[in-house]
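The values are calculated or read from the model by the stated rules, or taken from the named source; none is laboratory data. Every value quoted in this text rests on a predicted model; they were computed, and no experiment measured them. Ideal geometry is used to build each Cβ from the backbone, glycine not excepted, and the neighbour counts take in all protein chains shown. These accessible areas exclude ligands, DNA and RNA; they are computed on the full protein's heavy atoms, side chains included. Shrake-Rupley method; radii C 1.70, N 1.55, O 1.52, S 1.80 Å.
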Amino acid sequence: MSRLPLTFSAIATALIAASLLSLPSFAANSANSTDSAGHHGNHPAHEHGVGKLDVALEGNTLTLHLDTPLVNLVGFEHAATSARDKETVQAMAKALRDAGRMFATDAAAQCKPAEIQLQSAVLPPALLGEKTASGAAQAAAPNDGHADLDGDFTLVCASPGALNTVDASGLLRAFPGFQRIDVQLATPKKQAAFQLTPGNAAIPLN
């Protein structure tokens, strides 16, 4: 009995010491987790070769939002002033507007593109195929040498219950500048995150 307090005291002292020693590591890990979570909820960092795709299914409407450095799509991030640059941008916009090829869906779901919007601060809307009112203001161009493109794609599905997969292989084939696309998925059945690569471009919805 006389040794019990000593043993308990030794154990308690060891636990306290271990806890104190682990505090810096815990604080660092917490800081990293906070930074990661905060960054994840905002626009992704401008990283060449990487894009972000938000996918949501609500009712019979499938929406996709693509956020990517412009260089992934056209090979440059400056204003398209030369005839060659303008042709490159127009070809890019034409490909993206073929949403059924960029984002293939199950045939049984009968999903059809309903609305597509493309926007970049360094490219005029008309060059992207946008119909804008005369004199409409364009977003201010970035002054850091980087530029992005935002694409919003809305598809309406006649049989949404038959929609199981969205395949972005067409997007990755059309634009080999993508090394990876980070996906955030939200449907009534699940929320998930995926990373798409040229060899793995399917997004399971169920």
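The table that follows gives values for the structure above.
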| quantity | calculated |
| --- | --- |
| Selection within the stretch 58-112 - over 16 Å from the mean Cα position of the chain (by Cα) and of a type in the set (Asp, Glu) | Glu58, Glu77, Asp85, Glu87, Asp98, Asp106 |
| Selected residue (criterion: least open to solvent (accessible area, probe 1.4 Å)) from residues of the stretch 147-200 that are among the hydroxyl-bearing types (Ser, Thr, Tyr) and assigned to a loop (DSSP other than H, G, I, E, B) | Thr187 |
| Filtered residues of the stretch 127-160 (kept if out of contact with any Asp or Glu (no Cβ under 6 Å at 6 or more places or on another chain), small (Gly, Ala, Ser) and modelled with pLDDT under 95) | Ala133, Ser134, Gly135, Ala136, Ala137, Ala139, Ala140, Ala141, Gly145 |
